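Below is one structure, written out as C-alpha cells; the observations come after it.
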C-alpha cells in the first residue's frame, strides 16, 4: 500500500495544494495519509489501492477545509469581540479599555482550567488546534469545543459591557 502511495503522492499532493491553496498544508495532509495507511489493518484486503488512497486523501482535505471554515468563524467572532470600528483613543476610552481588559481577565479566570489553557494556547500563543490536540492528548473536536466555550463566555461579557 505504501509503495502505491509513493507513486500517486505527487498527483494527490498537487490536488490537495490546489484545494487548500497552501503547499505546506498539502504536505501535512500527505503525511496524514501516510500515517493512516501505516496504521491500516493489515488483514484488510483492498481491491483498488489507488482509489482507496485517493479517497483517504480527499477525505482528509475535506476535513481540513471544514476545520478551516470553523476556525475562520471563530476568528471572526474574536475580531467582533475585540473591535468596534472607532479607533480614536481618548482618556475615557483608555479607562474603559482597562476596565474591559480586567473584565476579560476575570471572565477567563472563571473558566475551567483546561478551557482557559486551550483558549490561551490558541488565541494568545497562536498554537494551531491540531498541535494543541497532540500536546494535550485530546481530539481536534475537543480543542474546538473548549475554544468555543471560552468564546461564548466572552460573548456574554461583551453583551454585558455593551448593555
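The values are calculated or read from the model by the stated rules, or taken from the named source; none is laboratory data. All of these numbers come straight from a predicted model, not from anything done at the bench. Here the Cβ positions follow ideal geometry from the backbone for every residue, glycine too, while neighbour counts run over all protein chains shown.
Within the option set 103, 142, being at pLDDT below 90 and either farther than 27 Å from residue 60 by Cβ or in a helix (DSSP H, G or I) (or both) holds for one residue only, 103.
Is it fair to say residue 9 is outside the structural domain of residue 145 (by TED's automatic domain parsing), surrounded by 11 or more Cβ atoms within 10 Å (Cβ to Cβ), at pLDDT below 90 and not in a loop (DSSP other than H, G, I, E, B)? When the stated conditions are applied, residue 9 does not pass them. In the set 99, 77, only one residue is within 15 Å of the chain's Cα centre (by Cα), surrounded by 10 or more Cβ atoms within 10 Å (Cβ to Cβ) and not assigned by TED's automatic domain parsing to the domain that holds residue 3; that residue is 77.
Okay, residues lined up against (1) in a helix (DSSP H, G or I); (2) in the same structural domain as residue 147 (by TED's automatic domain parsing); (3) under 28 Å from the mean Cα position of the chain (by Cα); (4) loosely packed, with under 10 Cβ neighbours inside 10 Å:
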residue: 43; (1), (2), (3), (4): no, no, no, yes
residue: 57; (1), (2), (3), (4): yes, no, yes, no
residue: 71; (1), (2), (3), (4): yes, no, yes, no
residue: 116; (1), (2), (3), (4): yes, yes, yes, no
residue: 119; (1), (2), (3), (4): yes, yes, yes, no
